Amino acid sequence: MFLGSKYSSVIQLYKGDSLVLPCKFHTFDLADPTVVWSRSDLSPPTVHQRQLQGDELKDQNQRYSGRTSMKTDALQTGDLSLNLTNLQLSDSATYTCSIKVFGLGHHSVREVQLQVKVYKVEADSEVESVLLPCKTTVCLPKDAKVEWKDENNRKVHVYENGSDQPEEQHQDYKGLTSMKRNLPGDLSLTLKYPTDGDTNTYTCTAYSREGNILIEKQVNLTVRVPQVEVDSGVESVQLPFNTTLHLPEDAKVEWMDNYDRKVHVYENGSDQPHKQHQVYRDRTKMNEDLLKTGDLSLTLKYPTDDDNCTYTCTVYSREGNILLKRKVELKVRAESDGFDETMRAASVPHQKESDRSSSLYTPVDFY
């Protein structure tokens, strides 16, 4: 007759992690015992099976092939814990550790509930950078290759042969990423100047020299865009953007709207009103010495509900490389139905109403 009692526990880990599912039982006084780890929701249900002679995996469910192991002396010591590597979201389930002995039947020793999650990182678009974590206890070889990709399979960052490989990056990420290499097993990625366009699922994969996957982890990044709300009757509204980054004197600052129209351009040390879209002529202003102070905020005069939009401020180097990028969503609450349209037209000088309405339907190409 078996001694011991069945009990349960819950473990929460992340996709790509490795873990040990604990199970201990006095097996050393049993004749020819077999330990079976199983999932009742699968067919076949066997996750791992071990006998005194060694592993017996002919009935193992294929989704666990190459990912499970037990100590070689497990049945001699009673430590029946199961090592499970490279966790997948589909591994979330209840695992049962059981003992089988011929003539004595089958006894469930322990149940372990495993919950596999994806790392979730949230950041505001005002931050200078965001860290996408990827850490492992696996001892990686010195010649391992590390690749970060987004959900569109674009290469975000590549590290190989002891150094970064920027030429393999997708152009959208050039100059915006860096990896930690000071700590063993820390493959975390720093993404600079995140915007809502960077909201994505990122995958960190380490490969052996032969191309085999050593570890793989995922991180869900959500970038929040700050929102500014005003009434349409106000004189002006400020779209905030401040940075502590040291900007070169010859940097170019460009504010754009959702329709890819230029809202305001600062270049060669001064505003460039001739480059503005007509909708924004005589309606925008930026601070003096903005490159020195780091205050790149934009003042928009006479806002109406037609200005409801997400505005993007981009700072370029002289060579055209992106130094900074921020987004601000503007929500202008409309006046009541009795609002005098004549007053609306009068509040926007130097601009015909027909120009404003027609410009709202400028064709846009989406990529």
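The values are calculated or read from the model by the stated rules, or taken from the named source; none is laboratory data. Because the structure is predicted, anything quoted here is derived from the model rather than measured. All Cβ positions, glycine included, derive from the backbone under ideal geometry; neighbour counts span all protein chains shown. For the accessible areas, the whole protein counts, side chains as well, though only heavy atoms, and no ligand, DNA or RNA atoms are used. Shrake-Rupley method; radii C 1.70, N 1.55, O 1.52, S 1.80 Å.
Select the strands (runs of 3 or more DSSP E) contained entirely in region 33-102, then report the ones holding at least 2 residues which are touching a helix residue (DSSP H, G or I) at 6+ places or on another chain (Cβ under 9 Å) and open to solvent by 10 Å² or more (accessible area, probe 1.4 Å).
Working: elements: 34-38, 46-51, 82-84, 93-101.
In region 33-102, 46-51 are the strands (runs of 3 or more DSSP E) which contain 2 or more residues that are touching a helix residue (DSSP H, G or I) at 6+ places or on another chain (Cβ under 9 Å) and open to solvent by 10 Å² or more (accessible area, probe 1.4 Å).
Across region 166-200, what is the number of residues that are of a type in the set (S, T, N, Q) and in contact (Cβ under 8 Å) with a residue 40 or more places away in the chain? I'd like the intermediate steps shown before the answer.
Pass one, region 166-200, residues of a type in the set (S, T, N, Q): 169, 171, 177-178, 182, 188, 190, 195, 199-200.
Pick out the ones that are also in contact (Cβ under 8 Å) with a residue 40 or more places away in the chain and you get 188, 190, 195, 200.
The total comes to 4.
Looking at region 283-290, is at least one residue among the β-branched types (V, I, T) and at pLDDT 95 or above?
The first filter runs over region 283-290 and keeps only residues among the β-branched types (V, I, T), leaving 284.
Filter once more, so that each one left must be at pLDDT 95 or above: 284.
Yes, that holds for at least one residue.
Looking for whichever is surrounded by 17 or more Cβ atoms within 10 Å (Cβ to Cβ), free of Cβ contacts under 8 Å to residues at least 60 places away in the same chain and among the β-branched types (V, I, T) here; the options are V146, V158. Which one fits?
Being surrounded by 17 or more Cβ atoms within 10 Å (Cβ to Cβ), free of Cβ contacts under 8 Å to residues at least 60 places away in the same chain and among the β-branched types (V, I, T) holds for just one of V146, V158, which is V158.
S129 - would you say it is among the polar types (S, T, N, Q) and either surrounded by 15 or more Cβ atoms within 10 Å (Cβ to Cβ) or without any contact (Cβ under 8 Å) to a residue 40 or more places away in the chain (or both)? Walk me through how you get there before you give the answer.
On the way: among the polar types (S, T, N, Q): yes; either surrounded by 15 or more Cβ atoms within 10 Å (Cβ to Cβ) or without any contact (Cβ under 8 Å) to a residue 40 or more places away in the chain (or both): no.
No, not satisfied.
Among residues belonging to region 8-29 that are surrounded by 16 or more Cβ atoms within 10 Å (Cβ to Cβ) and over 31 Å from the mean Cα position of the chain (by Cα), point out the one that is farthest from T77 (Cα to Cα).
C23
Mind checking which residues of region 290-334 are open to solvent by less than 30 Å² (accessible area, probe 1.4 Å), assigned to a loop (DSSP other than H, G, I, E, B) and hydrophobic (A, V, I, L, M, F, W, C)?
Within region 290-334, L296 is the sole residue that qualifies.
Filter region 45-63 for residues that are of a type in the set (A, V, I, L, M, F, W, C) and modelled with pLDDT under 95 and give the result.
As a first pass, look at region 45-63 and keep what is of a type in the set (A, V, I, L, M, F, W, C): 47, 52, 57.
Residue satisfying the conditions is L52 alone.
For W255, which of the numbered conditions (1) closer than 17 Å to L298 by Cα; (2) at pLDDT below 90 fails to hold?
(2)
Given (1) under 28 Å from T244 (Cβ atoms); (2) open to solvent by less than 30 Å² (accessible area, probe 1.4 Å); (3) of a type outside the set (S, T, N, Q); (4) at pLDDT below 90, identify the lone condition not met by G185.
Against the list (1) under 28 Å from T244 (Cβ atoms); (2) open to solvent by less than 30 Å² (accessible area, probe 1.4 Å); (3) of a type outside the set (S, T, N, Q); (4) at pLDDT below 90, G185 comes up short only on (1).
Can you name the condition, by its number, that E151 falls short on among (1) within 30 Å of L30 (Cα to Cα); (2) exposed (fewer than 13 other Cβ atoms within 10 Å of the Cβ)?
It fails just one condition, (1).
Mind checking which residues of region 103-118 are open to solvent by 60 Å² or more (accessible area, probe 1.4 Å) and either in contact with a Phe, Trp or Tyr (Cβ under 6 Å, 6 or more places away or on another chain) or farther than 22 Å from Q218 by Cβ (or both)?
G103, L104, H106, K117
Matching residues to (1) closer than 30 Å to E160 by Cα; (2) buried (at least 19 other Cβ atoms within 10 Å of the Cβ):
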site	(1), (2)
I215	yes, yes
V219	yes, yes
Q227	no, no
E249	no, no
W255	no, yes
Y259	no, no
G269	no, no
H277	no, no
E288	no, no
